């Protein structure tokens, strides 16, 4: 799932629901509701955004329709296709490597699948082979642009974007082109600092005094969340520190956003005002966005109510729990349709995730994500993880 998820990481309830995009809570039952928004910049007007996502855009690792498949390899291609649909990316990569010995078109598929499982350097190697073999392979060029973007090589990403756009119009490439242009303007003088698991990119003059603090908090998140979920991502995560103005100019996030996780680049972006007196806020934002990154490293098929409230569970504590007011299956893709009552979706989803964790253990949530990554639908994944189907859970939880 390729899109930008903007997180309102610390937006406090301070007034009537209709004025703040929150649900009205009775006196003495304060909460901190949040909203999810997807903002995409189109054209040269940097102030123009639309509430629309790139969620559905996927790059297929299989040959384009105009590519002739060697008949001798057709059976292997079909087998690879079945593996991809079943979520067996490792098996598909192995089979595509076998196919590539006779059909170089398989390089594209190998690269895309390696990119999907987070192995950017290996993905770039195969995708470069693909465009060397076929300079007009648009799919390989598009995937290469994404791979270089994930690897923080903006110049090479931009080169492949522009080459791809010269072949044909493409919504994702145009979006990424505009996005990189904004990032280029902001990050020209940025430097980076790394630990084993994180790379922080920042303006050394503006934010040099907090990079170590950010890295320290992220390392804490890696250890704490990893221990709770029994999952430790093996690919380093990039975090970009902006000043407040740089953050909003570059991400086009709404004014109430406290941070953003970029699903296209697999990066955390945060605005900072300094650390003194704000360590607790900074920790909440970084823990929240780290959980989104961790979920994304396992699967792009996580329902929004689970993804968002796992992040909330590990970054803050809601004061009260509620039952199922809105059917959870209505909250799988968006909360924004609830308008001013979107806060209710966060409160309810948090309650549901907390129930599952407290009843079954946090590591079971990781098991659910892994099941989804392997192609299971929600019903099957829930049944495998919690011994109750998703439909049964929706029918019974929080209705007593």
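No lab work stands behind these numbers, since they all come straight from the coordinates. Quick caveat: nothing in here was measured; it's all calculated off a predicted structure. Cβ: placed from backbone, ideal geometry, glycine included. Neighbour counts: every protein chain shown.
Worth pointing out:
- Proxy reagent accessibility, fewest Cβ within 10 Å first, across 336, 108, 163, 238: 336, 163, 238, 108
- Rel. contact order, % - alpha carbon contacts under 8 angstrom, at least six apart, segment 299-396: 30 percent
- The ranking of 159, 197 by Cβ neighbour count inside 10 Å, starting from the fewest, reads 159, 197.
- Going from the residue with the fewest nearby Cβ atoms within 10 Å to the one with the most, 217, 161 rank 217, 161.
- Whether segment 277-400 is rounded, prolate or oblate, judged on the alpha carbon gyration tensor where a/c under 1.5 counts as rounded: oblate
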